[in-house]
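Worksheet: one structure, shown below.
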Amino acid sequence: MYSRIIGTGSALPERVLTNAELEAMVDTSDKWIFERTGIRERRIAAPGQTSTDLGDTAARAALAAAGLAPSDIGLVVVATCTPEKVFPSTACLLQNRLGIAGGPAFDVVAACAGFIYALSVADSLLRGGVADTALVVGTETMSRIIDWQDRRTCILFADGAGAVVLRRDPTPGILSTHLHADGKYKDLLWVPGWVSDDYAALAEHPPHMVMEGSEVFRVAVEKLGESVEEALAANGLDKSAIDWLIPHQANLRIIAAIARRLRLPMEQVVLTIAEHGNTSAASVPLALDVAVRDGRVKPGQTLLLEAFGGGFAWGSALLRF
Ligand code: ACO
């Protein structure tokens, strides 16, 4: 048995934050941001709008696309590093919003690689017979963990959600997923502080993301390059078999490096980074939904999904759509 994606959906907050606005907030320029990252603008959640809210909208869109009702879903897996609460998990909050109960629901934390991890776990559980249908959501409110005075990070990150409905099916589907992590890189991309810390200190200095950008960049290109080749080799496929690369949208230069390694023209890469920025675990399902809805991704095509993020954690998913 396989699991197949039978519906996609996404959600973006209304508020657009442009590079021009960031120029007024920190010492940066539209030219620097666009040339170094490929980002023009990004979406920022409204006050009070949570990862559950965005995930809810994306999930309902994916269910509608699949022609299913919430009651058809037997498993909910949410990837987020910006959950609405410490617990209950965003998956449980989402399950409750959708008016369903009883099946397993849990969050996966793998920062920007979260959706690939969540997809892999859901795929294994479906193939193992735990459920017939799963909702897999990547949803983030990265704006809440950004220091808006830190030009090294505030120009990159953004909010949004993407979702897929997976169904257990004898026709392939997800062909493979490969997951990796290496905690020795923990200090290169992290949010210093959480609930086990001193509350008084936390209240004074709320935790914000800290990133050694150029080192993250270097390792991301190396590990993602290895990862996409690993996916092809595991399936005995040539690079030419890929119809679409749907990468994590962290930096256009990272994406271009991976496309070069795959000898794939940029016309076969789904890019949303200019309008979405880096929405962490939401970026891959958001990009997938955009390309499904505008008709680029068609049934039967072969898609390679990849992502890299804090941990470091990274991975790929190769699938037939
Ligand atoms: N505007 C203007 N100048 C800036 C800005 C800015 N916003 N940010 C940094 N600079 C300056 C630096 O201070 C530095 O100046 P200096 O040469 O005088 O010291 C110069 O620009 C170059 O800085 P670098 O950090 O070397 O720039 P780089 O080309 O590496 O680009 C970037 C930085 C965009 C952050 C890039 O390194 C990157 O995208 N890294 C990877 C991010 C990523 O993939 N994260 C993984 C997922 S995130 C997650 O898991 C949550």
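The values are calculated or read from the model by the stated rules, or taken from the named source; none is laboratory data. Since the model is a prediction, treat every value here as computed from it, not as a measurement. Note that each Cβ is placed from the backbone with ideal geometry, even for glycine, and that neighbours are counted across all protein chains shown. Just so you know, the surface numbers come from the protein's heavy atoms only, side chains and all, with ligands and any DNA or RNA stripped out. Shrake-Rupley method; radii C 1.70, N 1.55, O 1.52, S 1.80 Å.
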Conditions (1) outside any strand (DSSP E or B); (2) within 16 Å of the ligand (Cβ to nearest atom); (3) crowded, with 16+ Cβ neighbours inside 10 Å; number of the one not met by Gly160: (1)
Looking across the stretch 166-218 at residues that are among the hydrophobic types (A, V, I, L, M, F, W, C) and without any contact (Cβ under 8 Å) to a residue 12 or more places away in the chain, the single one that is least open to solvent (accessible area, probe 1.4 Å) is Leu202
Here are the criteria: (1) assigned to a helix (DSSP H, G or I); (2) in contact with a strand residue (DSSP E or B) (Cβ under 9 Å, 6 or more places away or on another chain); (3) open to solvent by 10 Å² or more (accessible area, probe 1.4 Å). Tell me which single one Ala257 does not satisfy. (2)
Boolean, Thr139 is touching a Leu at 6+ places or on another chain (Cβ under 6 Å), within 16 Å of the ligand (Cβ to nearest atom) and under 22 Å from Trp194 (Cα atoms): yes
Taking only the stretch 142-157 into account, find how many residues are within 12 Å of the ligand (Cβ to nearest atom), in contact with a strand residue (DSSP E or B) (Cβ under 6 Å, 6 or more places away or on another chain) and not in a loop (DSSP other than H, G, I, E, B). 2
When both residues are 6+ apart or on different chains and their Cβ atoms are under 8 Å apart, which pairs have a first residue that lies in the stretch 18-31 and is under 10 Å from Cys154 (Cα atoms), and a second that is among the aliphatic types (A, V, I, L, M) and open to solvent by less than 90 Å² (accessible area, probe 1.4 Å)? Leu22/Ile33; Leu22/Ile155; Val26/Ile155
Of Leu232, Leu252, Leu245, the only residue that is of a type outside the set (Phe, Trp, Tyr), at pLDDT 95 or above, buried (at least 18 other Cβ atoms within 10 Å of the Cβ) and within 19 Å of Phe157 (Cα to Cα) is Leu252
Checking the conditions here, which among Ser51, Ser3 is away from the ligand (no atom under 16 Å from the Cβ) and open to solvent by less than 10 Å² (accessible area, probe 1.4 Å)? Ser3
Exactly one of Cys81, Cys92 is on the phi < 0 side of the Ramachandran plot and part of a helix (DSSP H, G or I), and that residue is Cys92
Looking only at the stretch 307-321, how many residues end up being open to solvent by 10 Å² or more (accessible area, probe 1.4 Å), within 16 Å of the ligand (Cβ to nearest atom) and under 23 Å from Asp238 (Cβ atoms)? 1
Would you mention how many residues in the stretch 102-114 are within 16 Å of the ligand (Cβ to nearest atom) and open to solvent by less than 50 Å² (accessible area, probe 1.4 Å)? 7
All positions within the stretch 1-17 that are in contact (Cβ under 8 Å) with a residue 60 or more places away in the chain and farther than 30 Å from Asp169 by Cβ: Pro13, Leu17
Among Val216, Val210, the single one that is among the hydrophobic types (A, V, I, L, M, F, W, C), touching a Gly at 6+ places or on another chain (Cβ under 9 Å) and closer than 14 Å to Gly311 by Cα is Val216
Of the residues in the stretch 275-296, those that are open to solvent by less than 10 Å² (accessible area, probe 1.4 Å) and under 23 Å from Ala231 (Cα atoms) come to Ser280, Ala281, Ala282, Ser283, Val284, Pro285, Leu286, Ala287, Leu288, Asp289, Ala291
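Residue by residue, here is whether (1) open to solvent by less than 10 Å² (accessible area, probe 1.4 Å); (2) in contact with a Ser or Thr (Cβ under 9 Å, 6 or more places away or on another chain); (3) modelled with pLDDT under 95; (4) in a loop (DSSP other than H, G, I, E, B) holds:
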{"residue": "Ile100", "(1), (2), (3), (4)": "no, yes, no, yes"}
{"residue": "Tyr117", "(1), (2), (3), (4)": "no, yes, no, no"}
{"residue": "Ala134", "(1), (2), (3), (4)": "yes, yes, no, no"}
{"residue": "Val137", "(1), (2), (3), (4)": "yes, yes, no, no"}
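Rundown of residues vs (1) assigned to a helix (DSSP H, G or I); (2) not aliphatic (A, V, I, L, M), yes/no style:
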site: Glu226; (1), (2): yes, yes
site: Ala233; (1), (2): yes, no
site: Ile246; (1), (2): no, no
site: Pro285; (1), (2): yes, yes
site: Leu288; (1), (2): yes, no
Unique residue being more than 16 Å from the ligand (Cβ to nearest atom) and basic (Lys, Arg) when the list is Lys31, Lys85: Lys85
For Leu304, work out the one condition from (1) more than 12 Å from the ligand (Cβ to nearest atom); (2) assigned to a helix (DSSP H, G or I); (3) in contact (Cβ under 8 Å) with a residue 24 or more places away in the chain it doesn't fulfil. (2)
